[in-house]
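*Asks:* Okay, here's the structure, questions in a sec.
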Amino acid sequence: MIKEIQAKTVIHKHNKAFPVMYDLNPYRGCTVGCKYCFAQYSHYYVDLGNFFKDIIVKTNVDKCLDIELYKKRKNKQQIKIGGVTDAYQPIEKKYLLMPKILKIFKKYRIPIFISTKSDLILRDFELIKQLSEVAAVDIAVSISCFDKKNAKIFEPAASTPKKRIEALSKFSGICRSTSILNMPVIPYISDNYKEFDEMFAMSKELKIDNIVSYPLHLRSQKVKNNFFSIVRKHFPKVATQFIELYKNSSSPNIEYISNLNEIIYSLQKKYDIYDSYTPLHKKQEFVQLKLF
Ligand code: SF4
């Protein structure tokens, strides 16, 4: 179900930066369909049905943004686009909300942070480039599995991991930073050295600035149960080990995390790419994602 609405406000402030304190979500819900999606909770609270199918479209997002930014025009705080949705999910091809949003940000010279799993972002390359000439723009793509077959299982409507990195690389040298959010790393499935090594090598070749890796966190019992079923079905050889790791906890244990750290650290040194992202506004209380 697609429901078009007229939003009252579109910029929301959080208590802590993640890594940015303000966000704007042109949609509610997301058809990318990631099996580990943290944002699913946002539909539970407001009784909106299926997060992956029932999508709310804020058709007046640009008009609201124009009014809100005019009021806050002296406050040049960075705004994250897509905290609980992907602004470049497939429906954006039809609604074309992002070009209008980018023009408003350019009008007020407001810095932004875009995180996506879609190479559709390249459609707006010129607009993002123009905005980056007057305000800081950080671009990130998130990748949980570098292996494209596994990525299709966990993130069915996302661009392939290679396409995401290729798209990201086009912004290298144009935007303030380009980052890979290598998260969530899925234990026993996407945490092998070979996959990480290929991702780091490609990122080095394409001049990506930062990679931050973080393991899977299964926030609620509902998400956990769904995840267990997927692992049993598609990865039966590691299902027992995987379920053991999460059955009494939402995150992997210290031993697992230390091993993951060692692999990532060795690749950071090998390729000289680190988790070196620095928040634009240093005074913000930044929720640190890195493990090291
Ligand atoms: S792209 Fe982001 S918001 Fe969309 S389903 Fe995946 S994790 Fe959730």
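Every number here is computed from the coordinates shown, using simple stated rules; none is lab data. Note that the structure is predicted; figures quoted are calculated from it, not measured. In this analysis, Cβ positions are derived from the backbone assuming ideal geometry, glycine residues included, and neighbour counts consider all displayed protein chains.
*Asks:* Kindly point out, ordered by number, any Cys in the chain whose beta-carbon has no other cysteine beta-carbon under 4.7 Å away.
*Replies:* For the chain, the answer is CYS30, CYS64, CYS145, CYS175, because their Cβ atoms have no other cysteine Cβ under 4.7 Å.
*Asks:* Quick one: what are the phi-derived ³J(HN,Hα) couplings along the range 231-245, Karplus 6.51/-1.76/1.60 with θ = phi - 60°, whole Hz, x for glycine and proline?
*Replies:* 5, 4, 6, 9, 9, x, 5, 10, 4, 4, 4, 5, 5, 4, 5
*Asks:* Report, in listed order, any pair from LYS100/LYS149; LYS53/LYS162; LYS58/LYS247; LYS71/LYS207; LYS103/LYS270; LYS106/LYS149 with a Cα-Cα distance greater than 30 Å.
*Replies:* Working: LYS100/LYS149 34 Å; LYS53/LYS162 26 Å; LYS58/LYS247 38 Å; LYS71/LYS207 38 Å; LYS103/LYS270 40 Å; LYS106/LYS149 38 Å.
Among LYS100/LYS149; LYS53/LYS162; LYS58/LYS247; LYS71/LYS207; LYS103/LYS270; LYS106/LYS149, the Cα-Cα distance tops 30 Å for LYS100/LYS149; LYS58/LYS247; LYS71/LYS207; LYS103/LYS270; LYS106/LYS149.
*Asks:* Continuing with this model, one more query. Go ahead and estimate [θ] at 222 nm for the chain from helices alone: -39,500 (n - 2.57) per DSSP H run with n ≥ 4, summed, over the residue count, rounded to 500. Each step should come with its number before you reach the end.
*Replies:* Working: 11 runs with 113 residues, N = 292.
Helix contribution divided over all residues of the chain: -11500 deg cm²/dmol.
*Asks:* Sticking with this one: Give me log10 I(q)/I(0) at q = 0.14 Å⁻¹ for the range 1-145, Debye formula, one equal scatterer per alpha-carbon, no solvent.
*Replies:* Calculated log10 I(q)/I(0) at the listed q: -0.63.
*Asks:* Mind listing the phi-derived Karplus ³J(HN,Hα) values for the range 23-28, rounded to whole Hz, using 6.51, -1.76 and 1.60 with θ = phi - 60°, and x for any glycine or proline?
*Replies:* 9, 9, 10, x, 10, 10
*Asks:* Residue by residue through the range 93-104, which ³J(HN,Hα) values in whole Hz follow from phi under the Karplus form 6.51 cos²θ - 1.76 cosθ + 1.60 (θ = phi - 60°), with glycine and proline marked x?
*Replies:* Result, rounded to whole Hz: 4, 7, 8, 6, 7, 5, x, 5, 5, 5, 5, 5.
*Asks:* Quick one: which residues, 5+ away or cross-chain, put their amide H under 5 Å from the amide H of VAL185? H built at 1.01 Å from N.
*Replies:* TYR214, LEU216
*Asks:* Right, here's the next one. Hey, fewest Cβ within 10 Å first, where do TYR95, TYR265, TYR277 land in order? Please report the intermediate quantities before stating the final value.
*Replies:* Values: TYR95 18, TYR265 14, TYR277 22.
The fewest-first ordering by Cβ neighbours comes to TYR265, TYR95, TYR277.
*Asks:* Using 0.36 nm per residue, how much length does the chain from ASN15 to TYR265 gain when fully extended, once their Cα-Cα distance is taken away? If you can, show how the numbers build up before the last one.
*Replies:* Numbers: separation 250, 0.36 × 250 = 90.00 nm, distance 3.07 nm.
Once the chain is fully extended between ASN15 and TYR265, it gains 86.9 nm.
*Asks:* Sort ASP147, ASP275 by Cβ crowding within 10 Å, fewest neighbours at the top.
*Replies:* By the 10 Å Cβ count, ascending, the order reads ASP147, ASP275.
*Asks:* Mind scanning LYS76/LYS129; LYS35/LYS170; LYS3/LYS63; LYS72/LYS204; LYS107/LYS152; LYS129/LYS163 and naming the pairs with a C-alpha gap bigger than 30 Å? Intermediate values should be presented prior to the final figure.
*Replies:* Details: LYS76/LYS129 18 Å; LYS35/LYS170 28 Å; LYS3/LYS63 18 Å; LYS72/LYS204 38 Å; LYS107/LYS152 38 Å; LYS129/LYS163 19 Å.
Pairs exceeding the cut-off: LYS72/LYS204; LYS107/LYS152.
*Asks:* Can you tell me the length gained on complete extension of the stretch ASN192 to ASP54, counting 0.36 nm per residue apart and subtracting the Cα distance?
*Replies:* Values: separation 138, 0.36 × 138 = 49.68 nm, distance 3.51 nm.
Taking ASN192 through ASP54 to full extension adds about 46.2 nm, to one decimal.
*Asks:* Separate question: Starting from the Cα of LYS76, move 7 Å in the Cα-to-Cβ direction to define the label point; list residues of the range 137-169 whose amide nitrogen is under 15 Å from there.
*Replies:* From the range 137-169, the list is 137-138.
*Asks:* For the chain, what proportion of DSSP beta bridges, expressed in % and rounded to the nearest 5, is antiparallel?
*Replies:* Numbers: 5 of 32 bridges.
Antiparallel: roughly 15 percent of the beta bridges in the chain.
*Asks:* Given H placed on each backbone N at 1.01 Å, which residues far from PHE113 in sequence or on other chains put an amide H within less than 5 Å of it?
*Replies:* Here the answer is ILE79, LYS80, ILE81, ASP138, since their amide H atoms fall under 5 Å of that of PHE113.
*Asks:* May I ask you to compute the full-extension gain from PHE38 to PHE228, defined as 0.36 nm times their residue separation minus their alpha-carbon distance, rounded to one decimal in nm? Mind dumping the intermediate values first?
*Replies:* Values: separation 190, 0.36 × 190 = 68.40 nm, distance 1.58 nm.
The PHE38-PHE228 span can extend by a further 66.8 nm.
*Asks:* With a point put 7 Å past each Cα toward its Cβ, work out how far VAL238 is from LYS163 in nm, to one decimal.
*Replies:* 2.4 nm
*Asks:* Give the order of SER144, SER250, SER42, SER213 when sorted by the count of other beta carbons within 10 angstrom, beginning with the fewest. List each step's numbers first, then the result.
*Replies:* Working: SER144 24, SER250 13, SER42 18, SER213 27.
The fewest-first ordering by Cβ neighbours comes to SER250, SER42, SER144, SER213.
*Asks:* Another one. Can you give the Kirkwood hydrodynamic radius of the range 146-292 from its Cα pairs, in Å with one decimal? Let's see the in-between values first.
*Replies:* Details: mean 1/r = 0.0607 Å⁻¹.
Averaging 1/r across every pair of different Cα atoms and inverting gives 16.5 Å.
*Asks:* Counting other C-beta atoms within 10 Å, and keeping those with at most 13, which DSSP coil trypsin sites (Lys or Arg not before Pro) do you find in the range 66-133? Please list the in-between numbers first.
*Replies:* Values: sites: LYS71, LYS72, ARG73, LYS74, LYS76, LYS80, LYS93, LYS94, LYS100, LYS103, LYS106, LYS107, ARG109, LYS117, ARG123, LYS129; in loops: LYS72, ARG73, LYS74, LYS76, ARG109, LYS117.
Answer by residue number: ARG73, LYS74.
*Asks:* For the chain, which longest stretch is free of loop sites, where a loop site is one of the GluC sites (Glu not before Pro) that DSSP puts outside H, G, I, E and B and that has at most 12 other Cβ atoms within 10 Å? Intermediate values should be presented prior to the final figure.
*Replies:* Values: sites that count: GLU133, GLU285.
Formally, the longest exposed-site-free interval is 134-284.
*Asks:* Using modelled amide H (1.01 Å from N, peptide plane; none on Pro or chain starts), what sits under 5 Å from the amide H of TYR274, excluding residues fewer than 5 places away?
*Replies:* Residues meeting the criterion, in which the H sits 1.01 Å from N, are ILE211.
*Asks:* Hey, another quick one. What does the charge count around ARG164 come to, taking other residues whose C-beta lies under 9 Å from its C-beta (Lys +1, Arg +1, Asp -1, Glu -1)?
*Replies:* On the way: positive: LYS117, LYS162, LYS163; negative: ASP119, GLU166.
Local net charge: +1.
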